[in-house]
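The values are calculated or read from the model by the stated rules, or taken from the named source; none is laboratory data. Owing to the predicted nature of the structure, the values given are computational and were not obtained by experimental measurement. Counting neighbours? That spans all protein chains shown, and the Cβs are built from the backbone with ideal geometry, glycine included.
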Amino acid sequence: MINNNPYYPVQPEIFMGEGGHNVFTIRIKPGVPVRTALAAMEPVFKHFNPASPFIYSFIDEEFQAKFNTESRIGNLATVFSGLAILISCLGLFGLASFVAEQRTREIGVRKVLGARVTGLWALLSGDFLKLVILSCLVAMPLSYFFMSRWLENYALHTSLSPWIFITAGFGILSITLATVSYQALKAAMMNPVKSLRTE
């Protein structure tokens with residue numbers, strides 16, 4: 001039973017029931033409101049142990065308190081991940097604008113020769129998607145390795161599902177497409193006469 005530290009291996013324990021105790025572990029019947037159960041327990045406790053105050057706590061809350069550090073780290077990681085995604089999207093948006101501006105003449109020539117908007121969109125977005133896929137192929141094994149090492153610190157831990165990384169990869173690709181598509185479609189739908197005239 002994990003009673004003290006979740007990082008240590010499970011140790012055998014003995015619960016002694018002899019003599020009087022000031023602390024009792026009681027399971028509340030499922031479906032009974034907590035306030036009702038506590039109101040019924042307090043007079044019984046006072047009857048058998050009137051010298052001790054009726055102070056109660058919940059085991060799940062006490063056990064959760066052992067993970068306060070991890071909860072804070074998780075909240076900080078969420079905030080900084082959101083900031084990193086926002087900064088990355090701004091960088092992608094700026095880079096897509098720059099690439100579209102640099103390839104204005106090429107896009108105009110391709111449109112005059114009969115290229116479709118979807119083909120031009122795929123041409124402009126493809127380079128970004130290749131870079132994102134390459135970064136995912138590098139980052140995912142590293143993430144799996146470090147997360148597995150972190151989970152090994154706990155006596156009881158879950159296994160890492162590959163769907164976590166697959167879902168994250170699709171999320172990253174979707175964010176990249178949503179960020180780049182605006183500039184790509186804007187450049188692809190530009191009037192080729194204007195783009196060629198500016199050159």
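Annotations for the structure displayed:
- Test: residue in the range 65-86 that is farther than 22 Å from Thr176 by Cβ and among the β-branched types (Val, Ile, Thr): yes
- Hey, Trp121 surrounded by 12 or more Cβ atoms within 10 Å (Cβ to Cβ) and either closer than 30 Å to Leu38 by Cβ or out of contact with any Lys or Arg (no Cβ under 6 Å at 6 or more places or on another chain) (or both) or not: yes
- The range 66-80, subset farther than 19 Å from Ala168 by Cβ and surrounded by fewer than 11 Cβ atoms within 10 Å (Cβ to Cβ), residue nearest to the chain's Cα centre (by Cα): Arg72
- In the range 137-164, the residues that are at pLDDT below 90, aromatic (Phe, Trp, Tyr) and surrounded by 12 or more Cβ atoms within 10 Å (Cβ to Cβ): Tyr154
- Candidates are the residues of the range 174-183 that are touching a helix residue (DSSP H, G or I) at 6+ places or on another chain (Cβ under 6 Å) and not hydroxyl-bearing (Ser, Thr, Tyr); the one that is surrounded by the most Cβ atoms within 10 Å (Cβ to Cβ) is Val180.
- Top-ranked residue of the range 114-146 - restricted to ones that are assigned to a helix (DSSP H, G or I) and small (Gly, Ala, Ser), ranked as farthest from the chain's Cα centre (by Cα): Gly119
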